[in-house]
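This report refers to the structure that appears directly beneath it.
The values are calculated or read from the model by the stated rules, or taken from the named source; none is laboratory data. If you're wondering where the values come from, they're calculated on a predicted model, not measured in any experiment. We place every Cβ from the backbone using ideal geometry, glycine too, and count neighbours over all the protein chains shown.
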Amino acid sequence: MAEAKIGLVTGAGTGVGQAVSLALVEAGFHVVLCGRRREPLEATAAKAPKDRTLVVTADVGDPASVEQLFAQVRDRFGRLDLLFNNAGTGAPPIPLEDLTFEQWNTVVSANLTGAFLCTQQAFKIMKAQQPRGGRIINNGSISAYAPRPNSAPYTATKHAISGLTKSTSLDGRKYDIACGQIDIGNAETDMARKMKDGVPQADGSIKAEPLIDPKHVANAVVYMASLPLDTNVQFMTVMATKMPYVGRG
């Protein structure tokens, strides 16, 4: 029987992170559940078979915290096969000119700096292990392509994630590290549930938007993670069919 692969999911306590973590466990992975708060991580772990998850609290925007996270992965498992950079946050939906530096920096730290720091540490493990290599999947967004009104910090970081994905994919080749990105449109999570009640559109109107079950996103991530390292999904979009994105909305 093949040895179980080791995956690490950031932001694993809720929403897409929880759905992906549980789907990876079902697919045979041992999964390190990472997030800032232990209670949601423990709730995710409780939904999985015993001894298939490891809960580690960490702040992905803090270099020392990220180093400690990956040190625990190395000490416990000796290798890392998959990193899902999922942790993220948004700023209040207020006019761009009214955002504070702290609000901007909070989003950049969680969404972009966090993904970079985790990728950097994953490289160090993946390039040194035997067999060498691994896979990194970044959680992008429809916002990696088109903004919503009053979303400058989130949109800017998600556009930047696309650049990080491409650079990681290129720089990882020599180490047999593959990197791809999943861009999600309206998965029904706590962050997106408000869309049922109506959210601002580009024309100034307020409209309800359709949502999809996060399990469909999780299934897509499992597919990406299941591929051999000589094959990569560079970008995949999973979205509600009728969300106002394609065309004029």
Single residue of the stretch 127-154 satisfying the filter (assigned to a strand (DSSP E or B) and closer than 18 Å to residue 87 by Cβ) that is farthest from the chain's Cα centre (by Cα): 135
Close pairs (8 angstrom Cβ cut-off, 6 or more residues apart or separate chains): of a type in the set (Lys, Arg) and assigned to a helix (DSSP H, G or I) in the stretch 209-221, buried (at least 17 other Cβ atoms within 10 Å of the Cβ) and modelled with pLDDT of 95 or more anywhere: 215/19; 215/23
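Give the stretch 155-185 a look and list any residue that's among the acidic types (Asp, Glu) and more than 21 Å from residue 133 (Cα to Cα), or say none. Spell out how you get there, then give the answer.
Narrowing the stretch 155-185 to residues among the acidic types (Asp, Glu): 171, 176, 183.
The one that is among the acidic types (Asp, Glu) and more than 21 Å from residue 133 (Cα to Cα): 183.
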Yes/no for residue 65 being polar (S, T, N, Q) and surrounded by fewer than 20 Cβ atoms within 10 Å (Cβ to Cβ): yes
Residue in the stretch 231-242 that is within 14 Å of the chain's Cα centre (by Cα) and under 20 Å from residue 27 (Cβ atoms) present: yes
Out of 140, 133, sole residue that is of a type outside the set (Val, Ile, Thr), modelled with pLDDT of 95 or more and on the phi > 0 side of the Ramachandran plot: 133
Test set (1) closer than 21 Å to residue 218 by Cα; (2) surrounded by fewer than 23 Cβ atoms within 10 Å (Cβ to Cβ); (3) in contact with a Gly (Cβ under 7 Å, 6 or more places away or on another chain) - residue 109 fails condition number: (1)
Test: residue 33 is touching a Ser or Thr at 6+ places or on another chain (Cβ under 8 Å), under 23 Å from residue 192 (Cβ atoms) and surrounded by 24 or more Cβ atoms within 10 Å (Cβ to Cβ): yes
